[in-house]
Structure formats: structure tokens, C-alpha cells
Ligand code: ADP
């Protein structure tokens, strides 16, 4: 069974092709285009690459195309992306303005190009379905909550991958197996007694921290929207709700302009005075740019804040895991995050940390009670696995095979 997982940005298309034949899962192909001007052509070129590499004869060989969809009104988990589902995503465009619109237009283009191929989305919110209600509620009137104003949590595919992979690496295959059954069958009752406690730090263009107990999320730093929690590359992170009415009343800021500033000019970019890549910010800070240094300090402070929150809720941690662009690649940022935590049993091995490259590595000292690890994430694999289970559960056969 071949499943294509497509990662859609407003000007990018990335993909991975997985094959689940013979009881094995293999990634057959990965590729992508940046600065895409003509999206239908990019889809065509993606299919051409898969054909040229000999993986498919035509799109009919794809059992499904999977998408790491972000959020939709009234939908969660793994879902067939028909027009009704796409409209449910559209209803949340203003909550996820950087994420939902490119997915919606991309999914519609895939549907036009391959109308007979099932398109299936795994929503990023799915991993938090079992999080305790107290962790997901805002203290707002009930009517607001019922209208959708609640903490959702995102980066679900990435944190789920880390939940399972870290369990395997810690010798807890039992927890990994149990966690793998979650999502589609939904009926598994999560075990809540303190057992395997993981804090997963997805630090990248957008960043979030999840607390994970026995493979099940207990919460995530992202709340209602993927603009909340830690500061992101150019999105704001947590902000007191009263900041907006204050600015709108005192400066005449319009709602549209406020939304644009919070989504495109804030976060690390806003703090550093224009740089949204951590590598540039680090270079600037080393040159003595105080705003760049402050951006790094805020990022580290916020990361520690959320690690601390889950460390307490989990009654400690067996491991803290770093993943995604910053988490996998920036040893200096990891070092700053892990500084002076020895009284909590968190001791970084500075040399191991500095020599860790973007691959699975243990970066704590051998006697550190809390293990520190770098694990490259694999969100597409999580999506592909769930799409496969969705197809099997709903007996959706490839229209060819
Ligand atoms: P996204 O959240 O968009 O998926 P990534 O996980 O790819 O983001 O992370 C991208 C970010 O990671 C960049 O903005 C940059 O700040 C940071 N980064 C640091 N070092 C590297 C590196 N060597 N390769 C890629 N990204 C890096």
C-alpha cells in the first residue's frame, strides 16, 4: 500500500512516499519545491518525480494522499477530506491564518487532479483528545468555550512520533505499542498512573512543548491557535488578551492590521528587529546586537517556563526530548535551556550536546536522573501510519488494487 504524504505551505510543496507492503514500512521517496508559483504544476511535477523514480505508474497506484491538517470546526482525528471537511477547515481560517488557507487550496487542487484517490487528513489537534479537561479549558464564559474558544494543542504528529520513539529508545516498547494504538481506534483508555513521563520540545519555525504520560499527551503549550505558546519565527506566542483592545483603542490599530502584525511581524522577528531564523539571530547576537540577544533570551526563558510546567504536572520526567529545526540543530540553544537544572536531576553533558548532530543522540550525563535526548521528528510517518489505519478501518481500497 503506497501512501503519499503532502506537506503544503503557501509557496512550498514537500512530500514523502511510504510503502506499507509486506508488513514493513518503508519511505520510498522524499522531495519538495520551494517558492512555488504554479501549484497545479508543482503537484504534476511531484507525480512525475514519483513516476520517473519508478515508484508509481500513475496516481492510481496511490492508496491515498495524507495531509498533516491543522484544525477544523467540529472535526478531529483522522478524517476523509471531502468538500465538507475542507469547509470545516475554512471555518477556522481566522484562527490558523498561516496554516489552514494553504492546506485548503492545496487539498482542492489534489482533489481536482486525482478525484478518485482518497485524500485523508490527520488533524494536529488529535494528539490532545485525551488531555485532562482542566488542562484544555480557558476561564471564559461557557458559551465561548462551546464556540470553540479552548486550548486545542498542535504539532500532534510530531509530539506523537517523539512519544513513541522516545519510549522505544528508553526500552519501553510496551508504552510505544500502547501509544501506537491511540488515534484511529480512539477507544484505548489511556493509563494515567505515573509511569513513563516525557517532555517533548518541538522547537522550529513554530515551537511547542508537550507533556506526555505513557504515550498520551497531558497538554501542549499551543492553545486555541498555532500562534500561541512560545514565540514562533514571526508569530506572537502567548499575549495577554487585553493587549489588543488596549492598542486598538489607544492607537487606532485595526483588527486586520493587528492580525497581520501578530502573524507576520511578531515572535522572534518582532523581538530581534527583523530576523526570524534562529541562525541569523545567533549571528547577530554574537556581533553584539542586543535585540537579537533578547530574542534568544525570551525564547529560552519561555521554553524553560513550559518545560517547568510539565515537569511539575508529570511529577518529574524520565526524559526531555529536543526535536525540529532548532531542537535538532542548535546545541547552544539546548545548552541555555538546560543550564542550572541539576537540583531537578537534569544534567546536560556539554560535550555530547555540542557534538550531537541532527540524529538520535543522548546528551545528558550518564548519571543524570532525567535523560536528555535529541530525536529528529518524523511527522509524515505518523500521518502515513494513521492514513493506512483509516483506510483499513473504513475498508477503503485503492480503486486499482
Ligand atoms: P517548521 O516549524 O517550519 O517545520 P523547522 O522544524 O524546519 O520548522 O525549523 C526551522 C527553523 O529551525 C528555522 O527557522 C531555523 O530557525 C531553525 N534552524 C536552526 N538550525 C537549522 C538547520 N541547521 N537547518 C534547518 N533549520 C534550522
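Annotations
- Highest GNM mean-square fluctuation among 148, 204, 215, for the chain modelled with Cα contacts below 10 Å: 148.
- Under the criterion of Cα pairs below 8 Å and six or more residues apart, the relative contact order for the chain equals 15 percent.
- Percentage of interatomic Cα-Cα distances in the stretch 338-401 larger than 18 Å: 56 percent
- P(r) of the stretch 175-322 over all Cα-Cα pairs, binned every 5 Å from zero, in whole percent: 2, 9, 15, 16, 15, 14, 11, 8, 6, 3, 1
- Adding -39500 (n - 2.57) for every DSSP H run of four residues or longer, then dividing by how many residues the chain holds, sets the calculated 222 nm ellipticity at -11500 deg cm²/dmol.
- Each Cα pair of the stretch 1-138 feeds into the Kirkwood radius, which the Stokes-Einstein equation turns, at 10 °C and 1.306 mPa s, into a diffusion coefficient of 101 µm²/s.
- For the chain, Kirkwood radius (reciprocal of mean inverse C-alpha pair distance, Å): 22.0 Å
- Here the contact order of the stretch 208-312, divided by its residue count and restricted to Cα pairs under 8 Å and six or more residues apart, works out to 23 percent.
- Taking the alpha carbon gyration tensor of the stretch 1-78, multiplying each eigenvalue by 5 and rooting it gives semi-axes of 21, 19, 10 Å, largest first.
- Alpha-carbon spread of the stretch 306-369, three principal axes, descending order, Å: 30, 23, 19
- Cα convex hull, the stretch 243-401: 228 Å³ per residue, rounded to a whole number.
- Once the Cα gyration tensor of the stretch 114-234 is diagonalised, semi-axes √(5λ) in Å: 23, 19, 17
- Average projection, convex hull of the Cα set of the stretch 105-173: 7.7 square nanometres.
- Pairs of C-alpha atoms in the stretch 216-280 farther apart than 19 Å represent 37 percent of all such pairs.
- Largest GNM mean-square fluctuation among 40, 132, 141, using the chain with Cα springs under 10 Å: 141.
- Using distinct alpha-carbon pairs, which all enter the 1/r mean, Kirkwood radius of the stretch 59-183 in Å: 16.1 Å
Where a number appears in this text, it was derived from the coordinates with a stated rule and is not lab data. Computed from a predicted model, the values in this text were never measured in an experiment.
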